[in-house]
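Following: one structure in structure tokens, then a few remarks.
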Amino acid sequence: MKKSILSFAVFAITSTTLFAQIPNNGFENWTTVGTYSTPDNWETMNPTTAASGTFTAEKGTPGSPGASYLKLTSKTVSTTVVNGVAVCGKLNAVTMLPTAGFPSTLQPVSFTGKWQHMIFGSSQGAVMVTLTKYNTVTHMRDVVATANQTLTGMAMSWSAFTIPFNYVSSMVPDSCIIFLKASGSTPYQDDYLWVDNLAFSGSVTGLNNLEKNNSNISVYPNPATENVTIELNINTASALAIKLVDLTGKLIKEINAGEIQGVYKTTILTDDLNKGVYFLKVTSKESSEVKKIFIQ
């Protein structure tokens, strides 16, 4: 295979830090609604849990920097632990997943900020950012890039974080979703994630070469219904791994093909998957590449 198409070494990178297009990025502005407060331009589970007097999103002081920050904590409501989540955009209170983001046309190198976090159970929270563009033909959103990181260990004092974007398209995005979770798939009482000073860092160019270089892997049919076939050619014998992940970075299916050299072909069943956008991550000794696929 050729050198990884996702390597930022091939991009011209500026050092600009881009704050402007993340609304209320420092969590300085809050609106009080009845018994609780919500950070402006962000949605949380507070409207749903307010009846029980429990709030999974709270204003912390002082910020790092600034006057305030966002405290997300998973808490028990009745007999269920509700995940501490926040979305810069629209949040579905039933699924606790984002449904929309905010306008953004930036193509940043990374997503940065400050955090503190602690896990009391076994399911770590995450920070997930998705850049998308509306497709006027399919009337769906195409993923341009993602910057996702599952929390590991703990951070008991303010620590800076940097999460790089992985670009799968050269399109200029028109929207961004920032999704923050105190817990993973199994929330535990008092898991927490505190965040502040969120920003986009850098700006990439040279993305117009992305699609034409992304030719080492053939994926068909795409869109897929019952199955998808992956075909590739490996120049040097190396261990090959293929992972199918969803938009949140969750591993859906995995193939560890062992040591492969030459043409390799395999099929993944998709008839048991929900409709939507997924990513195939193909990793060998020579490179790591990503293909976006649609399940319909």
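With a threshold of 26 Å on the Cα-Cα distance, the over-threshold entries among 253/292; 59/275; 59/281; 114/292; 71/281; 59/133 are 59/275; 59/281; 114/292; 71/281; 59/133.
Add -39500 (n - 2.57) for each DSSP H run of 4 or more in the chain, then divide by its residues: what number comes out at 222 nm, to the nearest 500 deg cm²/dmol?
Roughly -500 deg cm²/dmol at 222 nm, from the helical runs in the chain.
Peptides 192-200, 276-284 ranked from most to least packed give 192-200, 276-284, packing being the mean of other C-beta atoms within 10 angstrom over each peptide's residues.
Computed over the chain with a Gaussian network model linking Cα atoms closer than 10 Å, the most mobile of 243, 181, 133 is 243. Computed over protein heavy atoms with a 1.4 Å probe, the accessible surface of the range 134-196 works out to 44 Å² per residue.
Highest GNM mean-square fluctuation among 137, 127, 87, for the chain modelled with Cα contacts below 10 Å: 137. Each peptide among 61-72, 32-43 gets the average number of other Cβ atoms lying within 10 Å of its residues, and from highest to lowest they stand as 61-72, 32-43. About its Cα centre, the chain has a charge dipole of approximately 300 debye under the convention of +1 per Lys or Arg Cβ and -1 per Asp or Glu Cβ, with nothing else charged.
If you work out Cα extents along the principal axes in Å from the coordinates, which of [x] 62, 44, 40; [y] 117, 33, 31; [z] 80, 44, 36 do you get? Given [x] 62, 44, 40; [y] 117, 33, 31; [z] 80, 44, 36, the calculated one carries the label [x].
The values are calculated or read from the model by the stated rules, or taken from the named source; none is laboratory data. In this text the structure is predicted, and so the values were computed from the model without any measurement. So basically every Cβ, Gly included, is an ideal-geometry build from the backbone, and we count neighbours across all protein chains shown. Accessible surface is based on the protein model in full, side chains and every heavy atom, while ligands, DNA and RNA are left aside. Shrake-Rupley method; radii C 1.70, N 1.55, O 1.52, S 1.80 Å.
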